[in-house]
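All remarks here apply to the structure that follows.
The values are calculated or read from the model by the stated rules, or taken from the named source; none is laboratory data. Given the structure is predicted, the values throughout are model-derived calculations rather than measurements. Positions of Cβ are generated from backbone atoms using ideal geometry, with glycine treated the same way; all protein chains shown enter the neighbour counts.
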Amino acid sequence: MPERYDAIVLGAGAAGLMCAARAGQRGRRVLILERSETPGRKILISGGGRCNFTNIGAEPVHYLSQNPHFARSALARYTPRDFLDLVERYGIAWHEKTLGQLFCDGSARQILDMLLEECARGGAELRCGEEIAHVDHGDAFTVTTRSGCYSAPALVIATGGPSIPKMGATGFAYDLARQFGLRIVEPRPALVPLTLGGEEVLFREISGVSAPVVAEAGKAHFAEAALFTHRGLSGPAILQASSYWKPGKAVAIDFLPDRGPGWLVERKRTTPQTTARSMLREALSVRLADILAEKLRPMLDPDRDLGNQPDKALRAAGERLSRWEFRPNGTEGFAKAEVTVGGIATTELSSKTMEARKVPGLYAIGEAVDVTGWLGGYNFQWAWASGVAAGEAV
Ligand code: FDA
């Protein structure tokens, strides 16, 4: 006979722990089944070990999804302030780093311990090292693992997405969702470095150089740092743009966001005896300035005085610097992706409760769902908010 619970949560990550805590504190008898030997592994490595646990400005516009309105309800009902109140109740010291990103002063372990304590307060039972063999659905959901058999009228899929398989990430959520006839939006790596090939491999020579830029992909643009790497492009601006980037398309970088495209023409009037190279070296690091100067060569001579160059060439060079198009040949894939775009289609779920419309009692939350946040605490906020939405409903 299977052991009976009110709800079984699959996955002891950010969303699953939050959901189990909330459901348990509502008096539900909850079991959490986790495949790894320890819970919350991604929480522990997040934010460089300090966990960027939310973003105080998190709004639906900071999320990608086939239905951009889906996240609205859950995010409105459990806000960054709500999570911050919880953090403060536990006396966890925090600070705002930049752009509304909140981090622990101490360690990400404090966030995980807090969630585990919240689960314990709700009486939720956590079992780690549980490999799920199969899930059956009759009157209730029955989950069979190597070590046992458990059943409940409510089953929550909180097993995340396939980003960073080294951390135990799997596509299990999608397999299970498909078993129940739920549609999956094609998953792809997001918040991931982009790789360069062809002539653009030259930029690999300046691996390690970073610059404040505006990076644009599709209709989105991000004013943050870009970093050249030995494989291509990274840094927060690029990671953000990668979520919007489509294979074959360009990522445009404005290397001089504080100067307009007519900048070099203006400098020709005020300082005609300077060169484009020295102007670039003034604005950017020498290695980046030099590679860009060389790349501008077909348009102008970077070592000739601005006064001796036609306005047209200077304007064209200024425009190029404001909108330098890179054509990445790929990404560094799920192995390096912080999150996954795509997942269980939101059309299959209630935005209020995260319950599957055609399978009453089945819920999906967190990264498993086709809702993906920007870099900067937005993904955890979605995990908390969707976890609470389901935790209130099961
Ligand atoms: P999550 O992946 O956290 O949890 C899923 C759980 O399910 C895991 O414990 C996994 O082992 C388990 N599981 C998988 N398959 C299973 C199976 N078959 N059976 C049972 N259990 C199974 N976000 C943010 O907002 N701020 C930040 O600072 C960071 N930093 C960061 C750094 C790095 C390196 C990464 C990779 C990611 C981040 N993120 C982040 C993103 C954030 O970690 C992510 O959005 C959340 O962890 C998603 O929470 P979930 O609970 O949905 O999945």
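Within the bounds of the range 304-315, is there any residue that is at pLDDT 95 or above, surrounded by fewer than 21 Cβ atoms within 10 Å (Cβ to Cβ) and touching a Leu at 6+ places or on another chain (Cβ under 7 Å)?
Yes.
Does Pro165 meet the test of being within 12 Å of the ligand (Cβ to nearest atom) and not β-branched (Val, Ile, Thr)? Don't jump to the end; show me each part of the working.
Details: within 12 Å of the ligand (Cβ to nearest atom): yes; not β-branched (Val, Ile, Thr): yes.
When the stated conditions are applied, Pro165 passes them.
Go through the range 1-28 and count every residue that is more than 10 Å from the ligand (Cβ to nearest atom) and of a type outside the set (Asp, Glu).
15
Just to be sure before I move on: is Leu300 at pLDDT below 95 and in contact with a helix residue (DSSP H, G or I) (Cβ under 8 Å, 6 or more places away or on another chain) in the structure I sent? Steps first, answer last, please.
Numbers: at pLDDT below 95: yes; in contact with a helix residue (DSSP H, G or I) (Cβ under 8 Å, 6 or more places away or on another chain): yes.
It is true that Leu300 is at pLDDT below 95 and in contact with a helix residue (DSSP H, G or I) (Cβ under 8 Å, 6 or more places away or on another chain).
Kindly establish whether Glu34 is within 6 Å of the ligand (Cβ to nearest atom) and under 27 Å from Glu131 (Cα atoms).
yes
From the list Gly208, Gly181, which one is more than 16 Å from the ligand (Cβ to nearest atom) and outside the structural domain of Gly138 (by TED's automatic domain parsing)?
The conditions single out Gly208.
With respect to Ala317, is the statement that it is in a loop (DSSP other than H, G, I, E, B) and in contact (Cβ under 8 Å) with a residue 40 or more places away in the chain true?
Taking the combined requirement at face value, the residue does not satisfy it.
Can you name the condition, by its number, that Pro187 falls short on among (1) within 14 Å of the ligand (Cβ to nearest atom); (2) surrounded by fewer than 21 Cβ atoms within 10 Å (Cβ to Cβ)?
Only one criterion in (1) within 14 Å of the ligand (Cβ to nearest atom); (2) surrounded by fewer than 21 Cβ atoms within 10 Å (Cβ to Cβ) is unmet by Pro187, namely (2).
Looking at Leu102, Leu112, which one is of a type in the set (A, V, I, L, M, F, W, C) and assigned to a strand (DSSP E or B)?
Every option except Leu102 fails the conditions.
How many residues does the range 246-262 hold that are closer than 20 Å to Glu338 by Cβ and crowded, with 22+ Cβ neighbours inside 10 Å? Talk me through it step by step, then tell me what you get.
First pass over the range 246-262, keeping only residues closer than 20 Å to Glu338 by Cβ: 246-247, 251.
Now restrict to residues that are crowded, with 22+ Cβ neighbours inside 10 Å: 251.
Selection size over the range 246-262: 1.
(1) in a loop (DSSP other than H, G, I, E, B); (2) touching a strand residue (DSSP E or B) at 6+ places or on another chain (Cβ under 7 Å); (3) under 22 Å from Ala158 (Cβ atoms): which one isn't true of Glu367, the others all being true?
Of (1) in a loop (DSSP other than H, G, I, E, B); (2) touching a strand residue (DSSP E or B) at 6+ places or on another chain (Cβ under 7 Å); (3) under 22 Å from Ala158 (Cβ atoms), only one is false for Glu367: (1).
Residues being part of a strand (DSSP E or B) and touching a residue at least 40 places away in the same chain (Cβ under 8 Å): count how many of those fall in the range 132-143. Write out each step before concluding.
Of the residues in the range 132-143, the ones part of a strand (DSSP E or B) are 132-137, 141-143.
Then keep just the ones that are touching a residue at least 40 places away in the same chain (Cβ under 8 Å); that gives 132, 135, 137, 141-143.
Selection size over the range 132-143: 6.
Looking at the range 353-363, is at least one residue under 24 Å from Gly218 (Cα atoms), crowded, with 24+ Cβ neighbours inside 10 Å, within 12 Å of the ligand (Cβ to nearest atom) and not basic (Lys, Arg)?
Taking every residue of the range 353-363 in turn, none turns out to be under 24 Å from Gly218 (Cα atoms), crowded, with 24+ Cβ neighbours inside 10 Å, within 12 Å of the ligand (Cβ to nearest atom) and not basic (Lys, Arg).
In the range 236-275, how many are outside any strand (DSSP E or B) and closer than 23 Å to Glu332 by Cβ?
So the first thing to find is which residues in the range 236-275 are outside any strand (DSSP E or B), and the list is 236-250, 255-274.
Okay, now just the ones that are also closer than 23 Å to Glu332 by Cβ, so 236-250, 255.
Total meeting the criteria: 16.
State all residues of the range 1-35 that are closer than 18 Å to His137 by Cα and either charged (D, E, K, R) or touching a His at 6+ places or on another chain (Cβ under 9 Å) (or both); if no residue qualifies, say none.
Glu3, Arg4, Asp6
I'd like to check which helices (runs of 4 or more DSSP H) are fully inside the range 39-94 and have at least 2 residues that are of a type in the set (Gly, Ala, Ser).
Once the helices (runs of 4 or more DSSP H) in the range 39-94 are filtered for at least 2 residues that are of a type in the set (Gly, Ala, Ser), what remains is 72-77.
Is it the case that the range 381-394 has a residue that's touching a His at 6+ places or on another chain (Cβ under 8 Å), surrounded by fewer than 24 Cβ atoms within 10 Å (Cβ to Cβ) and either in contact (Cβ under 8 Å) with a residue 60 or more places away in the chain or not in a helix (DSSP H, G or I) (or both)?
Checked against the condition, which is being touching a His at 6+ places or on another chain (Cβ under 8 Å), surrounded by fewer than 24 Cβ atoms within 10 Å (Cβ to Cβ) and either in contact (Cβ under 8 Å) with a residue 60 or more places away in the chain or not in a helix (DSSP H, G or I) (or both), the range 381-394 yields no hits at all.
Among the residues of the range 186-224, which ones are at positive phi and over 21 Å from the mean Cα position of the chain (by Cα)?
If the condition is that a residue be at positive phi and over 21 Å from the mean Cα position of the chain (by Cα), then Gly198, Gly208 are the ones that fit.
Listed residues Tyr78, Tyr63; which is over 24 Å from Ser107 (Cα atoms) and either of a type in the set (Gly, Ala, Ser) or in the same structural domain as Gly129 (by TED's automatic domain parsing) (or both)?
Only one candidate passes the filter, namely Tyr63.
Quick test for you: out of Leu300, Leu375, pick the one residue that is among the aliphatic types (A, V, I, L, M), within 16 Å of the ligand (Cβ to nearest atom) and either out of contact with any Gly (no Cβ under 8 Å at 6 or more places or on another chain) or assigned to a helix (DSSP H, G or I) (or both).
Every option except Leu375 fails the conditions.
So, in the range 115-131, how many residues would count as being within 29 Å of Gly171 (Cβ to Cβ), out of contact with any helix residue (DSSP H, G or I) (no Cβ under 6 Å at 6 or more places or on another chain), outside any strand (DSSP E or B) and more than 10 Å from the ligand (Cβ to nearest atom)?
Counting residues in the range 115-131 that are within 29 Å of Gly171 (Cβ to Cβ), out of contact with any helix residue (DSSP H, G or I) (no Cβ under 6 Å at 6 or more places or on another chain), outside any strand (DSSP E or B) and more than 10 Å from the ligand (Cβ to nearest atom) gives 1.
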